[in-house]
Amino acid sequence: SGPMMPRPAIIFTAGIVSGEHNQGTIKFLLIRGQSRSAVLASKYTAAVLFTLSLAVWLTVLSFAAGAFFFGTDAGEAGWRDVLVAGGSTLVYSIIFMTLAFMMGVLTRSTGAAMGVGMASVMFSGIVIPKSFYKYVLFPNADLSVYSQGGHAPIQGMSLGFSIAVLAAYLVLFLVASFVTFKKRDIA
């Protein structure tokens, strides 16, 4: 069911906004003269940077492990495969991290955000062979299926299609987060 990397990103992100609500510190952030959008954008930026640092760290470890076990003469294709896998894992992680971020904003609950994020990662491995399912987040999240001539999970899907679907979900998650955060009473 997809790469393992999103789990730490989901755990970190689940409480980044809801934890502020639970501790009551969100009020202090908002009285500092920053807009609600700026506060939420900074939280999201921190989550993206955390996820990016995980991806870079894991890619470096993959290179190091590959060099240690197989030598440095793996060829250009071997190193390209590691980079493609790292990039696919990064996209996968950002999508589920953003879902957890949205759930943290919507529910103000770290547990709910973490639960929905983790459940979504588990559901991402399920493929329902129906044409409508290609528009659902889960079969599109793992872009690694397209590497090395792999076939799409559902007919009619392609790398470009999956990227477009993921972009639409990412925008939806962020719009829902920002609209809710701006309109919700903090007190």
* Within region 64-118, work out how many residues are charged (D, E, K, R), in contact with a helix residue (DSSP H, G or I) (Cβ under 9 Å, 6 or more places away or on another chain) and either closer than 20 Å to residue 143 by Cβ or open to solvent by less than 50 Å² (accessible area, probe 1.4 Å) (or both). => 1
* Tally of residues being without any contact (Cβ under 8 Å) to a residue 24 or more places away in the chain and surrounded by 14 or more Cβ atoms within 10 Å (Cβ to Cβ) across region 124-133 -> 1
* Examine region 134-155 for a residue that is closer than 13 Å to residue 91 by Cα, among the β-branched types (Val, Ile, Thr), in contact with a helix residue (DSSP H, G or I) (Cβ under 6 Å, 6 or more places away or on another chain) and surrounded by 14 or more Cβ atoms within 10 Å (Cβ to Cβ), and state whether such a residue exists. => no
* To do: Filter region 30-52 down to residues that are in a helix (DSSP H, G or I), polar (S, T, N, Q) and open to solvent by 60 Å² or more (accessible area, probe 1.4 Å) and give me whichever is farthest from residue 184 (Cα to Cα).
  => 45
* Asked: What number of residues within region 156-178 satisfy the criterion of being surrounded by fewer than 13 Cβ atoms within 10 Å (Cβ to Cβ) and among the aliphatic types (A, V, I, L, M)?
  -> 4
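The values are calculated or read from the model by the stated rules, or taken from the named source; none is laboratory data. Just so we're clear, the structure is a prediction, and the values are computed from it rather than from any experiment. Here the Cβ is made from the backbone with ideal geometry for all residues, glycine too, and neighbour counts use every protein chain on show. Please note that ligands, DNA and RNA were not included when accessible areas were found on the heavy atoms of the full protein model with its side chains. Shrake-Rupley method; radii C 1.70, N 1.55, O 1.52, S 1.80 Å.
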